[in-house]
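Novice: The structure that follows is given in the form of structure tokens.
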Amino acid sequence: MLIIGNIPLCYRQSLQAHLPEQEEILCLPNSKKLPVQTAYHADMRLLHIGDGQLAIDCAIPPQQREKLWQIGYVITFLQELGERYPQDTALNIALVGEHALFNPQTVPHPLQQLLCQKYQPVPVRQGYTRCSTAILGPQAIITADTGIAAAAAKVGISVLHIRPGHILLPGYDYGFIGGCVGRVGDTLYSTGSLGRHPDGQAMRAFIRAQQLKLIQLTDGPLRDIGGMIWLPNRTNYKK
């Protein structure tokens, strides 16, 4: 199942056309708590902790929580989000392989404790850590954030450090690369053409180096839509 927010129709239609037939799309309704510009961003509202465990925004409706349970996931952490920073970043964590990159000042302590049971914490100053990080695999990321790039490289993660900006996010000067992509199996989906970004050629080469296919959903510039979160069906693991 691919989790997205209430994104523009052109992206939803293109996703539906390119996803494998068995993949379902779950579209989260807008949050009434988050700023209107990011109220539909899935990467701010749901985090797959691993082993079928989810941390989610408590405003996600019960019927959609039920859909997550039906494909084998359990909600182990609920968080109320707020309109202002840092209350909107409580679930904004980049899980890369065995590492959890996050700002300790913006993530609730109980969630930090839960994460530390499974991951090696990697502290960073960026509160929008997940938004700022395109996770290509357990050992590879793309980011424009200098602090994230340095911290990730220090623990052995392969990093492509790109220039900030050149990504649309209506209402803000620019968006983040993590909100432009989503990985489903061995395929990386991007909201626009990498050729519209000044580091597009480097990103293409880096994606190929991770042995990933690339599907560009539109020919336009990259747009931060809050990412696309893939939750593989786990029903065979349910008791």
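Novice: So which of ILE215, ILE229, ILE225 is open to solvent by 30 Å² or more (accessible area, probe 1.4 Å), within 29 Å of GLN13 (Cβ to Cβ), modelled with pLDDT of 95 or more and of a type in the set (A, V, I, L, M, F, W, C)?
Specialist: Result: ILE215 is the single residue among ILE215, ILE229, ILE225 that is open to solvent by 30 Å² or more (accessible area, probe 1.4 Å), within 29 Å of GLN13 (Cβ to Cβ), modelled with pLDDT of 95 or more and of a type in the set (A, V, I, L, M, F, W, C).
Novice: Another question, then. Can you tell which of ILE49, ILE56, ILE75 is closer than 20 Å to PHE102 by Cβ, outside any loop (DSSP other than H, G, I, E, B), open to solvent by less than 10 Å² (accessible area, probe 1.4 Å) and free of Cβ contacts under 8 Å to residues at least 60 places away in the same chain?
Specialist: From the options ILE49, ILE56, ILE75, the qualifying one is ILE56.
Novice: Same structure, new question: Could you tell me which residue of the range 63-72 is farthest from THR38 (Cα to Cα), considering only residues that are open to solvent by 40 Å² or more (accessible area, probe 1.4 Å) and not hydrophobic (A, V, I, L, M, F, W, C)?
Specialist: GLN70
Novice: Would you pick out the residues in the range 135-154 that are in contact with a Leu (Cβ under 9 Å, 6 or more places away or on another chain) and over 20 Å from THR106 (Cα atoms)?
Specialist: ILE135, LEU136, GLY137, ALA140, ILE141, ILE142
Residues are listed down the side, and each one gets a yes or a no for (1) crowded, with 16+ Cβ neighbours inside 10 Å; (2) charged (D, E, K, R); (3) farther than 21 Å from ILE229 by Cα; (4) within 14 Å of the chain's Cα centre (by Cα):
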position: LEU115; (1), (2), (3), (4): yes, no, no, no
position: TYR119; (1), (2), (3), (4): yes, no, no, no
position: VAL122; (1), (2), (3), (4): yes, no, yes, no
position: ARG125; (1), (2), (3), (4): no, yes, yes, no
position: TYR128; (1), (2), (3), (4): yes, no, no, yes
position: ALA134; (1), (2), (3), (4): yes, no, no, yes
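Novice: On the given criteria, is GLN105 assigned to a loop (DSSP other than H, G, I, E, B), without any contact (Cβ under 8 Å) to a residue 24 or more places away in the chain and either of a type in the set (Gly, Ala, Ser) or touching a helix residue (DSSP H, G or I) at 6+ places or on another chain (Cβ under 6 Å) (or both)?
Specialist: Spelling it out, it is not the case that GLN105 is assigned to a loop (DSSP other than H, G, I, E, B), without any contact (Cβ under 8 Å) to a residue 24 or more places away in the chain and either of a type in the set (Gly, Ala, Ser) or touching a helix residue (DSSP H, G or I) at 6+ places or on another chain (Cβ under 6 Å) (or both).
The values are calculated or read from the model by the stated rules, or taken from the named source; none is laboratory data. The model shown is predicted, which means the values in this text are computed figures rather than measured ones. Virtual Cβ from ideal backbone geometry, glycine too; neighbours counted across all protein chains shown. The protein model used for the area step is the full one, side chains on, heavy atoms only, and it has no ligands, DNA or RNA in it. Shrake-Rupley method; radii C 1.70, N 1.55, O 1.52, S 1.80 Å.
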